[in-house]
Amino acid sequence: MSKLKDRIKGFWPKSLPSWSQSRFFVRVLNKEERALFYALVLIFFVSLVGFSYCFYINNTEVVPTYGGLYTEGIVGYPNFINPIYSAVNDADRDVVELLFSSLIDYDFEDGFVFNLAEEIIEEKNSYTLKLRDNLRWSDGEKITASDVVFTIKVIQDPDYRSPLRPDWMGIDVEELSELEVLFELDQASPMFVNKLALKIIPKHIWQDVTPQNFLLSSYNIDPVVSGPYQIGERIMSDGNIDSLILKPNSNYHGKTPYISNFRINFFSSKEELVSAAKKGEINAFSVINPSNYQQITSDTRFKGYRFEFPRYFALFFNNQVIDDIEIRKALSLAIDKKKIVEDVLAGQGKVVSSPIIPEIYNFDFKVEPDFNLQEAEDILESSGFVLGEDGFRNVVVREEKELSFTKDLKVGSQGEAVRDLQRCLIYLSENDEEIFPNGTVSGFYGQETRDAVIRFQEKYYEDILAPSGFSSGTGMVAKSTRAKLDELCQEIPLETEEFAFTITTVDQPLMIKMANSIKSQWEEIGVKSEIVTYDQNSLERDIIKPRKYEMILFGNAYDAIIDPFSFWHSSQVTEFGLNLAMYQNKDTDTLLEMLRIENEDDQKLVLLEKIQETILEKYPAIFLCSVDYLYFAFDGVGGIEPTTIINPSHRFSKIENWYTETKRIIK
């Protein structure tokens, strides 16, 4: 062992060279040794850097940090950056979402979330709302219950012309204390909580503005706000706001947003918006047409996000015009909804088969699509809708029939002979409506049939009455009357009418494409249809209000808490209601009324399922699909979480979590 130690010591230098001596180290090496030495040194330092980097990466994590610029592109220009009026303009609604806070918010995963409010107490027909303490407007003034009451009073006053007024009619509001507000309703309604997703305005700013000047006030474009952002700068031209540059609101009660400069550029058209996106002038935008989704995400730096809506599109039959359930059922069975989602929506949506849209609300009682071409054809065939030579169906108005009149008839007569008489009189009325107007084939010879016979006899006076010396009709079918009937009605030809419908919808590319898909699918079962379109205002004013349509392709949207009352209750068939199908059913009405006052979640589900069943069994509409809201942002933007939202502006509901800048911190 001692010899081994001595040998090791022999290899180890007795002393290391000094710094002055080490400078000559390289000189004593030959060319190959120096190359090896430098290579080893390089390997050492590269390894050291690599090790240090791996150590850094493995022991730190990327987190958002404050700063950065984010530029949103929006089609349209803001007119009223004011929650009282923003509901009718998409640009206004988007900006208001960033600048104003709601009393409460709704998250489809967590339910209602308190925002400005911190507590809601329900007692029979009243609700007491309590605000958080120490809330501030962007100008530093305190947010109090008087702001809530003032906002609602303004909405309720018709002189201010707020589009929100119908939602707040019949609700009494009272300030109980600096932080408490009392709402009193005519009757208890769990649906009332939907209304509390309200953004309020500051009383100290608006209280001295008259109703006549409310719409003209400069505060509509330079507001005092309560949300995560406030306006830092406006860029205007030709009277329009071209850009808004937002900065974090230092008085905001919530989390400070990461993005410190949030810019919104406004465009007059979708084409201008898309052009700006391709040039890299904006970081984010949305499109209406789902067919653009794949192209944008594959050809640009943008990443696509899909937000779901509690909204569905359907083809609503006017049940007072198309009143045959079997026809509605056949037309419904002939539609392949999956094909519409794939071909029209490019897969950016969901099939919907119910007015309750359980697919969106995650209810258990989902309904499978009922596509069945063969059954649709069988129903139409059995209902008398026959295919013509052109491949389209016709409805038989009158069967081909040979008639012969051998029996005298009079008031009180019954049977097939009377039916033949009535068929003949109806046929003759095609050329002379006065003979048997609104005639029916009943088989009973009553007063209406007698009057028709008299008119027939007097029309052919020379052939029927004159030979027998009568000056006026007798109303009895005897020899001379039978002879004339035999002459005119010996063979009644088959008469058919074209079995066709008119689909009415709004003049928008997506809706027209959806209508064309329905049209082409119906052609497969021999049903012809025509598509008629109107702009949004004309459609609502001239077509929907007076219900001047056979069927209408349109969309219905719900709030956070689903309430189908407005769309399916019998009271809503009037011009002021939203029952587009003109659907009326007493059982459904009762269920809808019960749902509005039910507080227990389990019982609500039971009622909703029964409502679904009673509606679907009558085929009042063809429920087609829901369309995702498509949003695009640069792939360097983080924190965007696609979820279910109430309306497009709610994509900003968690804007505080969005970021463009990051840093690394120790884990």
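Miscellaneous remarks
- Here the stretch 248-304 has an Rg and Dmax of 14.6, 42 Å, counting Cα atoms alone.
- Over the stretch 476-630, the pair-distance histogram of Cα-Cα distances with 10 Å bins from zero comes to 9, 27, 27, 16, 9, 8, 3, 1 percent, rounded to whole numbers.
- Degrees, to the nearest 10: 509-523 long Cα axis against longest axis of the chain: 50
- Shape call, the stretch 142-208: gyration tensor on alpha carbons, a/c limit 1.5: oblate
- Calculated P(r) tail over 17 Å for the stretch 447-539, as whole % of Cα pairs: 66
- Length-normalised contact order for the stretch 400-493 - Cα pairs under 8 Å, 6+ apart - percent: 40
- Among the cysteines of the chain, Cys54, Cys625 have no other cysteine beta carbon within less than 4.7 Å of their own.
- Other-chain or far-sequence residues with amide H under 5 Å of Gly349's (modelled H): Asp628
- Dimensionless Rg ratio for the stretch 400-493, taking C-alpha atoms and the 2.2 N^0.38 Å reference: 0.96
- The stretch 264-324 and the stretch 546-595: distance between their alpha carbon centers, rounded to Å: 27
- With 31 Å as the limit on Cα-Cα distance, the pairs of Lys130/Lys586; Lys618/Lys654; Lys199/Lys247; Lys337/Lys401; Lys130/Lys366 that go past it are Lys130/Lys586; Lys618/Lys654; Lys337/Lys401; Lys130/Lys366.
- Of interest is the spacing of the C-alpha centroids, which for the stretch 607-658 and the stretch 336-390 amounts to 20 Å.
- Under the Karplus curve 6.51 cos²θ - 1.76 cosθ + 1.60, θ = phi - 60°, whole-Hz ³J(HN,Hα) for the stretch 636-643, x wherever Gly or Pro sits: x, 8, x, x, 7, 10, x, 8
- Net charge of the neighbourhood of Ala145, taken over other residues with C-beta under 12 Å away and scored Lys/Arg +1, Asp/Glu -1, is -2.
- The helix-based estimate of mean residue ellipticity at 222 nm for the chain, built from -39,500 (n - 2.57) per DSSP H run of four or more residues and divided by its residue count, is -9000 deg cm²/dmol to the nearest 500.
- Global form of the stretch 352-399, assessed from the alpha-carbon gyration tensor, a/c cut-off 1.5: prolate
- The spread of Cα positions in the chain, taken along each principal axis and listed from longest to shortest, comes to 157, 72, 58 Å.
- Straight-distance candidates among the lysines for linking to Lys663, with alpha-carbon spacing under 18 Å and chain neighbours fewer than 8 residues away dropped, are absent.
- Taking amide H positions as modeled 1.01 Å from N, with prolines and chain starts lacking one, the residues under 5 Å from Thr643 and 5 or more places away or on another chain are Glu308.
- Cα-Cα P(r), the stretch 102-219, percent of pairs per 5 Å interval: 2, 11, 21, 23, 21, 14, 7, 2, 0
- q = 0.18, 0.23 Å⁻¹, the stretch 295-369: log10 I(q)/I(0) [Debye, one scatterer per Cα]: -0.89, -1.18
- Protection proxy ranking for 31-39, 381-389, 624-632, using the average of other Cβ atoms within 10 Å per residue and placing the highest first: 624-632, 381-389, 31-39.
- For Ser260, the residues 5 or more places off, or on other chains, whose built amide H falls under 5 Å of its own are Gly67, Gly68.
- Expressed in units of 2.2 N^0.38 Å, where N is the residue count, the Cα radius of gyration of the stretch 535-600 is 1.22.
- Whole-Hz couplings from phi, Karplus 6.51/-1.76/1.60, listed for the stretch 404-415; x for Gly and Pro: 9, 10, 10, 10, 6, 10, 8, 4, x, 5, 9, x
Read-outs throughout are calculated quantities, based only on the coordinates presented, and are distinct from any laboratory measurement. These figures come from a predicted structure and were not determined experimentally. Every residue, glycine among them, receives a Cβ derived from its backbone with ideal geometry; neighbour counts consider all protein chains shown.
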